[in-house]
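The values are calculated or read from the model by the stated rules, or taken from the named source; none is laboratory data. Everything numeric here is computed off the predicted structure, so don't read it as measured data. Note that each Cβ is placed from the backbone with ideal geometry, even for glycine, and that neighbours are counted across all protein chains shown. We work out accessible area using only protein heavy atoms, side chains counted, and drop any ligands, DNA or RNA first. Shrake-Rupley method; radii C 1.70, N 1.55, O 1.52, S 1.80 Å.
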Amino acid sequence: MRFMLFIRENLDFIRSEESMRSILELHQSWYASLAERGLVVDANGLESDGILIFEEDNRIKTGKLRDRVEGVGGYYLIDVLNEDVAIKIAKECPTLAMGDIIEIRPI
(Lines give C-alpha, C1' and ligand atoms only; values in the text may rest on other atoms or scores of the structure.)
Protein backbone atom coordinates (compact mmCIF):
# COMPACT_ATOMS: atom_id res chain seq x y z
CA MET A 1 0.00 0.00 0.00
CA ARG A 2 1.13 3.52 -0.65
CA PHE A 3 0.93 6.31 1.88
CA MET A 4 1.81 9.98 1.71
CA LEU A 5 3.58 11.31 4.78
CA PHE A 6 3.18 15.07 4.93
CA ILE A 7 5.69 16.95 7.06
CA ARG A 8 3.66 19.65 8.82
CA GLU A 9 5.71 22.44 10.31
CA ASN A 10 5.30 25.88 11.79
CA LEU A 11 5.82 28.18 8.80
CA ASP A 12 5.94 31.34 10.93
CA PHE A 13 8.92 30.07 12.91
CA ILE A 14 12.04 31.77 11.52
CA ARG A 15 14.93 29.34 11.31
CA SER A 16 18.53 30.27 10.71
CA GLU A 17 20.29 29.16 7.56
CA GLU A 18 22.40 26.80 9.67
CA SER A 19 19.28 25.30 11.26
CA MET A 20 17.67 24.81 7.84
CA ARG A 21 20.82 23.08 6.59
CA SER A 22 20.73 20.78 9.61
CA ILE A 23 17.06 19.95 8.99
CA LEU A 24 17.78 19.24 5.33
CA GLU A 25 20.65 16.94 6.28
CA LEU A 26 18.42 15.07 8.74
CA HIS A 27 15.79 14.52 6.05
CA GLN A 28 18.39 13.48 3.48
CA SER A 29 19.72 10.87 5.91
CA TRP A 30 16.22 9.63 6.69
CA TYR A 31 15.41 9.42 2.98
CA ALA A 32 18.60 7.41 2.39
CA SER A 33 17.62 5.04 5.21
CA LEU A 34 14.12 4.56 3.78
CA ALA A 35 15.50 4.07 0.27
CA GLU A 36 18.02 1.52 1.52
CA ARG A 37 15.12 -0.46 3.00
CA GLY A 38 13.11 -0.15 -0.22
CA LEU A 39 10.29 1.82 1.43
CA VAL A 40 10.34 5.22 -0.26
CA VAL A 41 8.95 5.98 -3.71
CA ASP A 42 9.52 9.74 -3.69
CA ALA A 43 10.18 12.62 -1.30
CA ASN A 44 10.71 16.35 -1.53
CA GLY A 45 10.40 19.63 0.26
CA LEU A 46 7.70 22.13 -0.62
CA GLU A 47 7.85 25.90 -0.78
CA SER A 48 5.88 27.75 1.91
CA ASP A 49 3.91 29.84 -0.56
CA GLY A 50 1.12 28.36 -2.61
CA ILE A 51 -2.14 29.17 -4.32
CA LEU A 52 -5.62 27.94 -3.50
CA ILE A 53 -8.37 27.58 -6.08
CA PHE A 54 -11.80 27.76 -4.49
CA GLU A 55 -15.41 28.72 -5.06
CA GLU A 56 -16.88 31.70 -3.27
CA ASP A 57 -20.12 33.54 -4.09
CA ASN A 58 -20.64 31.19 -7.07
CA ARG A 59 -17.33 32.27 -8.59
CA ILE A 60 -14.06 30.41 -8.94
CA LYS A 61 -11.32 32.38 -7.20
CA THR A 62 -7.64 32.12 -6.47
CA GLY A 63 -5.92 33.12 -3.27
CA LYS A 64 -2.91 32.60 -1.08
CA LEU A 65 -2.70 29.68 1.33
CA ARG A 66 -4.89 30.44 4.31
CA ASP A 67 -2.99 28.70 7.08
CA ARG A 68 0.41 30.33 7.31
CA VAL A 69 1.14 29.03 10.78
CA GLU A 70 1.10 25.29 10.17
CA GLY A 71 1.70 24.11 6.64
CA VAL A 72 3.14 21.23 4.69
CA GLY A 73 6.88 21.71 4.27
CA GLY A 74 7.53 18.44 2.49
CA TYR A 75 6.37 14.91 1.81
CA TYR A 76 7.47 11.30 1.58
CA LEU A 77 5.62 8.82 -0.60
CA ILE A 78 6.18 5.38 0.88
CA ASP A 79 5.19 1.88 -0.21
CA VAL A 80 4.64 -0.39 2.79
CA LEU A 81 2.56 -3.39 3.82
CA ASN A 82 -0.16 -1.54 5.76
CA GLU A 83 -1.09 1.50 7.86
CA ASP A 84 0.61 0.11 10.98
CA VAL A 85 3.92 0.02 9.13
CA ALA A 86 3.31 3.55 7.78
CA ILE A 87 2.78 4.76 11.35
CA LYS A 88 5.96 3.02 12.49
CA ILE A 89 7.91 4.66 9.66
CA ALA A 90 6.41 8.10 10.39
CA LYS A 91 7.51 7.82 14.02
CA GLU A 92 11.12 7.63 12.75
CA CYS A 93 10.98 11.16 11.30
CA PRO A 94 14.03 12.98 12.67
CA THR A 95 12.31 16.37 12.90
CA LEU A 96 9.47 15.26 15.19
CA ALA A 97 11.69 16.36 18.08
CA MET A 98 11.80 19.85 16.50
CA GLY A 99 8.03 20.22 16.60
CA ASP A 100 7.11 18.86 13.18
CA ILE A 101 3.94 16.79 12.84
CA ILE A 102 3.51 13.91 10.40
CA GLU A 103 0.19 13.53 8.61
CA ILE A 104 -0.38 10.09 7.06
CA ARG A 105 -2.75 9.64 4.14
CA PRO A 106 -3.41 6.42 2.22
CA ILE A 107 -3.27 6.64 -1.55
**Asked** Could you give the angle, 0 to 90 degrees to the nearest 10, between helix 17-36's Cα long axis and the longest principal axis of the Cα atoms of the chain?
**Response** 60
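What does the accessible area per residue of the chain come to in Å², with a 1.4 Å probe and no ligands, DNA or RNA counted? Write out the running numbers ahead of the final one.
Details: 7400 Å² over 107 residues.
On a per-residue basis, 69 Å².
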**Ranked packing of 100-107, 47-54, 17-24, most packed first, by mean Cβ within 10 Å** = 100-107, 17-24, 47-54
**Message:** At 1.4 Å probe size, with the rest of the protein present, what percent of the exposed accessible area of region 26-107 is carbon and sulfur atoms?
**Reply:** 51
**Request:** Show which aspartates and glutamates lie in cross-link reach of Lys91 when reach means a straight Cα distance below 16 angstrom and same-chain residues fewer than eight apart are skipped.
**Result:** Glu9, Asp79, Glu83, Asp100, Glu103
